[in-house]
Every structure is written in C-alpha cells, then in structure tokens.
1. Report the extension gain between HIS80 and ILE51 in nm, rounded to one decimal, defined as 0.36 nm multiplied by the number of residues separating them, less their alpha carbon distance.
2. With θ set to phi - 60° and the Karplus curve 6.51 cos²θ - 1.76 cosθ + 1.60, what are the ³J(HN,Hα) couplings of region 11-23 in order, to the nearest whole Hz, using x for Gly and Pro?
3. Among ILE88, ALA11, ALA65, whose Cα projects farthest towards the positive end of the dipole of region 8-164, with charges put on the beta-carbon of Lys, Arg (+1) and Asp, Glu (-1)?
4. For the chain, modelled as a Gaussian network with Cα springs under 10 Å, which listed residue fluctuates most, GLU56, GLU33, GLU67?
5. Can you tell me the length gained on complete extension of the stretch ARG41 to ASN89, counting 0.36 nm per residue apart and subtracting the Cα distance?
6. Please tell me the relative contact order of region 8-164 in percent, rounded to the nearest whole number, where contacts are Cα pairs under 8 Å and at least six residues apart.
7. Run the quick spin-label model on ALA17 and VAL31: label points 7 Å from Cα toward the beta carbon, then report their separation in nm to one decimal.
8. Please give the charge dipole size of region 8-164, origin at the Cα centre, charges +1 on K and R Cβ atoms and -1 on D and E Cβ atoms. Round to the nearest 20 debye.
Amino acid sequence: MIAPLMNSNDAIDQFAAVARDFCRWCELPPVPEGNLALLSREMRLMLARLIAAALELPRTDPGDAPEPEGISSAVLKALHPRLACLPINLYRVAFVPTDLDAQPGMAAVTDDLQDIYSDLQDGLWLYGLGYVDAAAWHWDLHFESHWGHHASDALHALQGHAAQA
C-alpha cells in the first residue's frame, strides 16, 4: 500500500486550495482570441492536480454539518463563456468504460467542468463555515461517485485534442 504523502489536515487544506484555484479559473472572463493551447494546458494541469489532491483526501465523517444548497443554474450558466474558450467541447465517451458492450456516447467538456465546479463549491462552502471534515467527506464522496468521472473524462478529451493539435 502506498503511504499518504501528507497528514489528513494538510491534505484537506491542500485540496481546498486546488479546488479554489479551479473555481477561480472557471470564473475568469472569457479570453478573446486567446491562446487555445495555453488554456488547454492550464485546464489539464488543474484537472490533474484536482484528481491527485482528491486521492489524498482522508476518509472523514460529515458530522452534523448543514447540507449545501447547491449552485444555481444561473451561476453555472455564467461560467459557460469562459469554459467555451477551451479548444474542444464535444467528445465521445464510454460512460461505463468497463462495460465492453456499451455504446459510446457524447459528452461536453463545458458540462464536465460545470459539474466539477458545482461539487467543489458545495465543499468549499462547508470548508468556509469551518466544517472541514464535512467538506472533505463531501469532496471525497462526490469524487468517487460524480465529479471524478467528469474530471478524468474532460482531462482525457483535452489531452486527446492536444495530442492531435
């Protein structure tokens, strides 16, 4: 078994910092005629850091923390112009990659990043209120069941595009 690289509190604080960086990037204004290769590289780096930091999160208990209200569709829609600056959006994906009989579907990087943003912001809200263990629990649970799939799929799509550029 591989030993964790950092203690539990450090791992949670590190994840919170990486999550904040990702969310701030998504909230920036669109880049007119931006360098698409640079934007793609920045996002691939952020996704890789998020995945690595999530794998370091300790198993915690949510305790008596309040339930996050969730991010409004208006907030997510406001992110779209920035996310649409990436050089690729639509891509093929096997929604269950271990099901060898499954037909591939279509996915969108913008949708992936909005879903990641939403799950991260819910945890950041808990973290900001001082419910650190609940935030880690939320991030870890949703990494395993939701946003982790979106992160790895988006990273794969952006990496595939970069390899062909």
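Read-outs throughout are calculated quantities, based only on the coordinates presented, and are distinct from any laboratory measurement. Just so you know, these numbers come straight off a predicted model, no measurement behind them. Counting neighbours? That spans all protein chains shown, and the Cβs are built from the backbone with ideal geometry, glycine included.
1. 8.2 nm
2. Taking θ as phi minus 60°, the curve returns 5, 5, 4, 5, 5, 4, 5, 5, 4, 4, 4, 4, 5 Hz for region 11-23.
3. In region 8-164, that residue is ILE88.
4. GLU33
5. The span from ARG41 to ASN89 would gain 15.8 nm if fully extended.
6. Taking the mean separation of contacting Cα pairs over the length of region 8-164, I get 32 percent.
7. Computed distance between label sites ALA17 and VAL31 equals 2.3 nm.
8. 720 debye
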